[in-house]
Amino acid sequence: MTNGDLSPPLSRVISEAVSWCSHKPFRSHALDPSSILDVPDWSHDFEPFEPWVEKKYDSYRRAVLWINETRSELLKEAKIETLDPADALSKCRLLIYWPLETVHDGASEAGSMGFYDLGDAPPWDTWFLYADHAIFCCVPEFAISRAQDGIDGNPVACIEWANWSRLAHIEE
């Protein structure tokens, strides 16, 4: 897949994510979406399951949008030049994370030496798209082996590598 196969907005956020990750530590405080993702745990005593799931999905959608906007602003403020989109694609791999399919057992966190968190989430600095109930992430070259170690140790299929062509059908 080439950069020309992606929409300009998608190419831009991928380029910004890869550029950010090459200059900043993972799980940077500046991009922490915790407050947006703060949806109380589901309790069948208080609400039906389906509306709760929709709240969770919406919180992830809003978090990714906020991360992209904030990251773009912070890159401009820091005068960090973003990579050409074609270069960005060659310097990372596409990872997909299904946040509601996790088990909070710490296996991927331990296996990846902290690349994933307790809930199997990749660092939010790598997030660039929420679609199909999944978070799409750019994993920089230097973190690919740690990410793979976490995938290998994960007991459920909530994190996996994908080909960039997977993005061709997604509408932003």
* Asked: If you check Leu31 against the conditions, is it over 24 Å from Tyr116 (Cα atoms), of a type in the set (A, V, I, L, M) and either surrounded by 11 or more Cβ atoms within 10 Å (Cβ to Cβ) or free of Cβ contacts under 8 Å to residues at least 12 places away in the same chain (or both)?
  -> no
* **Candidate set from the stretch 116-129 (those that are aromatic (Phe, Trp, Tyr) and crowded, with 24+ Cβ neighbours inside 10 Å); member that is nearest to Val156 (Cα to Cα)** => Tyr116
* To do: Among residues belonging to the stretch 133-172 that are more than 22 Å from Phe26 (Cβ to Cβ) and among the acidic types (Asp, Glu), point out the one that is modelled with the highest pLDDT.
  => Glu171
* Could you tell me whether Glu101 is surrounded by 14 or more Cβ atoms within 10 Å (Cβ to Cβ) and of a type in the set (Asp, Glu)? => no
* Identify, by number, the condition in (1) in a loop (DSSP other than H, G, I, E, B); (2) at pLDDT below 95 that Pro33 doesn't meet. => (2)
* Structure fact -> Of the residues in the stretch 103-115, those that are of a type in the set (Ser, Thr, Tyr) and either farther than 21 Å from Pro155 by Cα or in contact with a Cys (Cβ under 9 Å, 6 or more places away or on another chain) (or both) come to Ser108
* To do: Would you mind finding the one in Glu81, Glu73, Glu69 that is among the charged types (D, E, K, R), under 13 Å from Ala17 (Cα atoms) and touching a Leu at 6+ places or on another chain (Cβ under 9 Å)?
  => Glu81
* Inspect the stretch 39-52 for any residue being over 15 Å from Ser15 (Cβ atoms), at pLDDT 95 or above and not in a loop (DSSP other than H, G, I, E, B) and give the result as yes or no. => no
* Asked: Going through the stretch 100-130 one residue at a time, which ones are within 22 Å of Asp41 (Cα to Cα) and either in contact with a Gly (Cβ under 6 Å, 6 or more places away or on another chain) or aliphatic (A, V, I, L, M) (or both)?
  -> Leu100, Thr102, Val103, His104, Ala107, Ser108, Tyr116, Leu118, Ala121
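The values are calculated or read from the model by the stated rules, or taken from the named source; none is laboratory data. In this text the structure is predicted, and so the values were computed from the model without any measurement. Glycine gets a Cβ as well: all are built from the backbone with ideal geometry, and neighbour counts include every protein chain shown.
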